[in-house]
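Here the structure comes first, spelled out in C-alpha cells, and everything after it is commentary.
The values are calculated or read from the model by the stated rules, or taken from the named source; none is laboratory data. Computed from a predicted model, the values in this text were never measured in an experiment. In this analysis, Cβ positions are derived from the backbone assuming ideal geometry, glycine residues included, and neighbour counts consider all displayed protein chains. Side chains included, ligands, DNA and RNA excluded: accessible areas come from the protein's heavy atoms. Shrake-Rupley method; radii C 1.70, N 1.55, O 1.52, S 1.80 Å.
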Amino acid sequence: MIVTKELHRRLTAIRRDIHAHPELAFQEQRTAELVARHLEALGIEVHRGIGRTGVVGVLRGGRGLRAIGLRADMDALPMAERNEFAHKSRHEGCMHACGHDGHTTMLLGAAEVLAAQRDFEGTVYLIFQPAEEGEGGARAMIDDGLLERFPMEAVFGLHNWPGMPAGHFAVHTGPVMASADRFDIEILGHGAHAAMPHLGCDPVAAGAALVQAVQTIVSRTLDPIDAAVVSVTQFHAGEAYNVIPDRAQLAGTVRAFSEAVAAYIEKRLGELCEGIAAAFGVKVDLCYRRGYPPTVNTAAEAALCAEVARAVAGAEAVRTDARPSMGAEDFAYFLQKKPGAYVWIGNGPGEGGCTLHNPNYDFNDEIIVPGVAYWVELVRRILGPLKT
C-alpha cells in the first residue's frame, strides 16, 4: 500500500491546516514555508521564491538523466467560507474553495513516498505554484527561469473535480480547459432629456444593440465545430429616470479551446463595435485583454496518464471521454512550453450543487490516497525503476 493509514492521517492534518490558513495569490508565505520545511525534512533539495512565492523541490533517484515536473497550486480565493467545521478558514473573506489545499497536500504526500524509497531513475521537480486564481503564477514562475533552472522533459498537473465519483479520473487528449479573455467596451454618445431623445445620441440603445450583436459571433459566424462562449456580463449606464446618459459601459468574457478561435472572436468583436458606432452615431472604444490560454494536453502524455490512472483506480474508474470545461487554468502556460497533461480526480458527488468556487466547498480528504498513488505511479512509469 503506497499510503499507509498513518501517512493518510498526517496528510489530512496538513491539508486541514492549510485550509484553515488560506492565502491569496502571491501572498502564500505561510503555505510556501510549510511546503519548503516539509520537503527539507524529507531530505529534498528546496528552492524558494520562484515566481515570488513559488517553491520547487528537487528529488533525485539513481543516476538517470531524465526529469519531469509535477505541479500543485497553493493559493486560495477572495471569498467568505460558510462551512462551520473545525478547519474552516480563520481568515475572513478568504478560503480554499478550489481545493488547492488538497493539491498541495497530495504532492507533499507523493514527495514523502518517493523520497523514502527513491526507487526510480532520474529527477522529479516538485513545483508548488502560487497565484493560479487569475494572477498567472505559472507564467511568473516561467518568467523567473523555472524551465531553465529545472530542465524537465514534461510537466503534469492534477485537479480535483466535484461531481465526479471520488477517486475516479478523467484524462483528456487535447483541450481540457478553455482560454479566458476579458473585454471592456465604452460607448460615448450625447446626453439629452429623456422626453427629447432626438436631441441626443443614445449610448444605451447602441449598447443594447451591441449586446444582441455579440450573441451572433458564436451562433452565426463561428464554425459550429469550434466551441466558444462570449458573455456580456456587465452593462452600466445612467443615473436618473429622465436623462439619457452620455456614456455606457459593457464588459464580459470570451472562452475558447484554441488560440485561433479566440483571435477570431477578438477580431469579430472589434468589427461589431465599429459597425454599431457607425449605425448609431456614437463612439465605441474596445479594450480586449488576453487572459489564460487554453489548457491543451499532448496526446502521448495524456495516453500515459490514462494508463497510470487505470493502474491506480482500475479501468472502470478512468474516463477518457469527459467533456472539457470552459473554465480556465494557468497550467496552460506550462503546456505551451512543454509536453504534458492536466488530469482531473473526482472529489465526490458535490451534494447540493457544491462545486468549485462555492462557499460551502471542501476538499475530500479521502482522495488524498489515490492522488498520492497517481503521482507516485506516474513517476515510476516515466522514469523507470532504479537500476542496480
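Counting just the residues of the stretch 307-334 that are touching a strand residue (DSSP E or B) at 6+ places or on another chain (Cβ under 7 Å) and farther than 15 Å from residue 164 by Cβ, which one comes out most open to solvent (accessible area, probe 1.4 Å)? Let's see the steps before the verdict.
At the first step, the residues of the stretch 307-334 found to be touching a strand residue (DSSP E or B) at 6+ places or on another chain (Cβ under 7 Å) are 309-310, 313, 317-319, 322, 324-332, 334.
Restricting the remaining residues to those that are farther than 15 Å from residue 164 by Cβ gives 310, 326, 328-332, 334.
Working: 310: 95, 326: 55, 328: 29, 329: 3, 330: 0, 331: 0, 332: 0, 334: 2 Å².
By that ranking, first place goes to 310.
Quick one: residue 30 ticks every box in (1) outside any loop (DSSP other than H, G, I, E, B); (2) in contact with a Leu (Cβ under 9 Å, 6 or more places away or on another chain); (3) open to solvent by 20 Å² or more (accessible area, probe 1.4 Å); (4) not small (Gly, Ala, Ser) bar one, so which box is it?
(2)
Can you tell me how many residues within the stretch 209-219 are in contact (Cβ under 8 Å) with a residue 24 or more places away in the chain, over 17 Å from residue 266 (Cβ atoms) and either open to solvent by 50 Å² or more (accessible area, probe 1.4 Å) or touching a helix residue (DSSP H, G or I) at 6+ places or on another chain (Cβ under 8 Å) (or both)?
Matching residues across the stretch 209-219 total 1.
Could you please give the count of residues in the stretch 14-29 that are farther than 17 Å from residue 359 by Cβ and out of contact with any helix residue (DSSP H, G or I) (no Cβ under 6 Å at 6 or more places or on another chain)?
Count: 7.
Is it true that residue 374 is assigned to a helix (DSSP H, G or I), open to solvent by less than 50 Å² (accessible area, probe 1.4 Å) and touching a Phe, Trp or Tyr at 6+ places or on another chain (Cβ under 8 Å)?
Yes: the conditions hold for residue 374.
Is it true that residue 348 is touching a residue at least 40 places away in the same chain (Cβ under 8 Å), small (Gly, Ala, Ser), surrounded by fewer than 21 Cβ atoms within 10 Å (Cβ to Cβ) and touching a strand residue (DSSP E or B) at 6+ places or on another chain (Cβ under 6 Å)?
Judged against the criteria, residue 348 is not a match.
The rows are residues; the columns are (1) touching a strand residue (DSSP E or B) at 6+ places or on another chain (Cβ under 7 Å); (2) at negative phi; (3) of a type in the set (Ser, Thr, Tyr); (4) open to solvent by less than 10 Å² (accessible area, probe 1.4 Å).
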site: 92; (1), (2), (3), (4): no, yes, no, no
site: 97; (1), (2), (3), (4): yes, yes, no, yes
site: 101; (1), (2), (3), (4): no, yes, no, yes
site: 104; (1), (2), (3), (4): yes, yes, yes, yes
site: 107; (1), (2), (3), (4): yes, yes, no, yes
site: 117; (1), (2), (3), (4): no, yes, no, no
site: 124; (1), (2), (3), (4): yes, yes, no, yes
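Report yes if residue 2 is among the hydrophobic types (A, V, I, L, M, F, W, C) and not in a loop (DSSP other than H, G, I, E, B), otherwise no.
When the stated conditions are applied, residue 2 does not pass them.
Considering only residues that are assigned to a strand (DSSP E or B) and in contact with a helix residue (DSSP H, G or I) (Cβ under 8 Å, 6 or more places away or on another chain), look in the stretch 324-371 and name the one that is farthest from residue 291 (Cα to Cα).
Step by step, filter the stretch 324-371, then rank; the result is 348.
Checking the condition open to solvent by less than 50 Å² (accessible area, probe 1.4 Å), closer than 30 Å to residue 376 by Cβ and either more than 21 Å from the chain's Cα centre (by Cα) or not aliphatic (A, V, I, L, M) (or both), which residue from 172, 168 passes?
When all the criteria are applied, what remains is 172.
Tally the residues that are touching a Lys or Arg at 6+ places or on another chain (Cβ under 7 Å) and surrounded by fewer than 18 Cβ atoms within 10 Å (Cβ to Cβ), restricting the search to the stretch 220-250.
Residues flagged as touching a Lys or Arg at 6+ places or on another chain (Cβ under 7 Å) and surrounded by fewer than 18 Cβ atoms within 10 Å (Cβ to Cβ) within the stretch 220-250 amount to 2.
So, in the stretch 377-388, of the ones that are over 22 Å from residue 138 (Cβ atoms) and outside any strand (DSSP E or B), which residue ends up nearest to the chain's Cα centre (by Cα)?
Top of the filtered list is 377.
To keep it simple, each residue is scored yes or no on (1) farther than 24 Å from residue 331 by Cβ; (2) of a type in the set (Ser, Thr, Tyr); (3) touching a His at 6+ places or on another chain (Cβ under 8 Å); (4) modelled with pLDDT under 95.
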| position | (1), (2), (3), (4) |
| --- | --- |
| 29 | no, no, no, no |
| 62 | yes, no, no, yes |
| 80 | yes, no, no, no |
| 105 | no, yes, no, no |
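Please specify each residue of the stretch 305-323 satisfying the condition of being of a type outside the set (Val, Ile, Thr) and part of a helix (DSSP H, G or I).
Once the filter is applied, which keeps residues that are of a type outside the set (Val, Ile, Thr) and part of a helix (DSSP H, G or I), the stretch 305-323 yields 305, 306, 307, 309, 310, 311, 313, 315, 316, 317.
Can you report the number of residues in the stretch 133-149 which are on the phi < 0 side of the Ramachandran plot and open to solvent by less than 10 Å² (accessible area, probe 1.4 Å)?
Number of matching residues: 4.
Test residue 112 against the criterion of being under 22 Å from residue 34 (Cα atoms) and in contact with a Leu (Cβ under 7 Å, 6 or more places away or on another chain), and give yes or no.
On the way: under 22 Å from residue 34 (Cα atoms): yes; in contact with a Leu (Cβ under 7 Å, 6 or more places away or on another chain): yes.
Criteria met by residue 112.
Of all the residues that make up the stretch 116-151, how many are outside any helix (DSSP H, G or I), over 30 Å from residue 78 (Cβ atoms), touching a helix residue (DSSP H, G or I) at 6+ places or on another chain (Cβ under 9 Å) and not aromatic (Phe, Trp, Tyr)?
5
Condition first: more than 20 Å from residue 116 (Cα to Cα) and either open to solvent by less than 10 Å² (accessible area, probe 1.4 Å) or more than 25 Å from the chain's Cα centre (by Cα) (or both). Now tell me which residues in the stretch 36-52 satisfy that.
Residues satisfying the conditions are 50, 51.
Could you run through the stretch 267-299 and say how many residues are open to solvent by 40 Å² or more (accessible area, probe 1.4 Å) and under 22 Å from the mean Cα position of the chain (by Cα)?
The number of residues fulfilling the criteria is 5.
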